[in-house]
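Okay, so here's the structure we're looking at.
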């Protein structure tokens, strides 16, 4: 198994055991089971490379409707959470500049994710704490379809926070840590 394969397997394990099994995203199971997720590992993770890769990834998704969603995984780079948030802001600006706003949506995950107003040790941060820094690219049309068939979508974040806090910090740490084995 190559290093890239290992990173992808760890990411898949995290999606399976944290995102899907904890039901943090009720829309994740279908594309995961259908193998409609693309995983791209970036070894050289600087902002210039990232922006070029985002544009190429959006164009690839435009040309491949069978791929539902994509994860850009930063094996190295963006270790600092604040720098990562700055990069996400730049990626959101690029989404608008390239006229992809409303076509794709970006979701952010990071090993040190910390919600605004939460402490670093708050278990709820583990709803977005992943094995690696990553950007999840979602198709807006697919997301809209999924949301339309789901009651009380606005309650998902609160439900996720309650779940994580009820399970506790050690449980959430162990669950995410298991994906790194």
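Just so it is clear, none of the values below were taken in a lab; they were calculated from the coordinates. Please read these numbers as outputs of a predicted model, since none were measured by experiment. Glycine also receives a Cβ, built like all others from the backbone with ideal geometry; neighbour counts cover every protein chain displayed.
Please order 134, 87 by the number of other Cβ within 10 Å, starting at the fewest.
Fewest-to-most ranking of 134, 87: 87, 134.
May I ask you to compute the full-extension gain from residue 29 to residue 89, defined as 0.36 nm times their residue separation minus their alpha-carbon distance, rounded to one decimal in nm?
Numbers: separation 60, 0.36 × 60 = 21.60 nm, distance 2.75 nm.
Contour length minus Cα-Cα distance gives 18.8 nm.
Between residue 141 and residue 63, what is the label-to-label distance in nm when each label sits 7 Å out along the Cα-to-Cβ direction?
1.8 nm
As a test, work out the antiparallel percent of DSSP beta bridges whose residues both lie in region 1-134, rounded to the nearest 5. Can you show the working numbers first?
On the way: 3 of 10 bridges.
If we restrict to bridges inside region 1-134, about 30 percent are antiparallel.
Mind checking which of 171, 84, 104 has the largest fluctuation in a GNM of the chain, springs on alpha carbons under 10 Å?
171
Estimate the FRET efficiency between residue 9 and residue 158 by the formula 1/(1 + (r/R0)^6), using the beta-carbon distance for r and 25 Å for R0, to the nearest 0.05. Don't skip to the end; give the middle numbers.
Values: r = 32 Å, r/R0 = 1.26.
The formula returns an efficiency of 0.20 here.
Taking the Cβ of each residue in 27, 74, 163, 150 as the centre, tally the other Cβ atoms inside 10 Å and list the residues starting with the fewest.
Placing the least packed residue first, the sequence is 150, 163, 27, 74.
Mean-square fluctuation check for the chain, GNM, Cα pairs under 10 Å: which of 152, 76, 165 is largest?
Of 152, 76, 165, the most mobile in the Gaussian network model is 152.
Across all directions of projection, what mean area in square nanometres is found for the Cα convex hull of region 3-178? Write out the running numbers ahead of the final one.
On the way: hull surface 39.4 nm².
One quarter of the hull surface, i.e. the mean projection, equals 9.9 nm².
For residue 36 and residue 96 in the same chain, what is the full-extension length gain: residue separation times 0.36 nm, less their Cα-Cα distance, in nm? It would help to have the intermediate numbers written out before the result.
Values: separation 60, 0.36 × 60 = 21.60 nm, distance 2.50 nm.
That pair, residue 36 and residue 96, stretches by 19.1 nm at full extension.
What spacing in nm lies between the two simple spin-label points modelled at residue 169 and residue 122, each 7 Å away from Cα in the Cβ direction?
About 1.3 nm, to one decimal.
Rounded to whole Å, give me the distance from the Cα center of region 155-181 to that of region 107-152.
12 Å
Efficiency by 1/(1 + (r/R0)^6): what FRET value for residue 82 and residue 22, r their Cβ-Cβ distance, R0 = 35 Å, to the nearest 0.05? Working shown, then result.
Numbers: r = 26 Å, r/R0 = 0.75.
The value I calculate is 0.85.
Taking Cα pairs under 8 Å and at least six residues apart, what relative contact order does the chain come out at, in percent?
On the way: 223 pairs, mean separation 47.8, N = 181.
Computed value for the chain: 26 percent relative contact order.
Can you show me the helix-derived [θ] at 222 nm for the chain, built from DSSP H runs with n ≥ 4 at -39,500 (n - 2.57) apiece and divided by the number of residues, rounded to the nearest 500.
On the way: 7 runs with 82 residues, N = 181.
That comes out to -14000 deg cm²/dmol.
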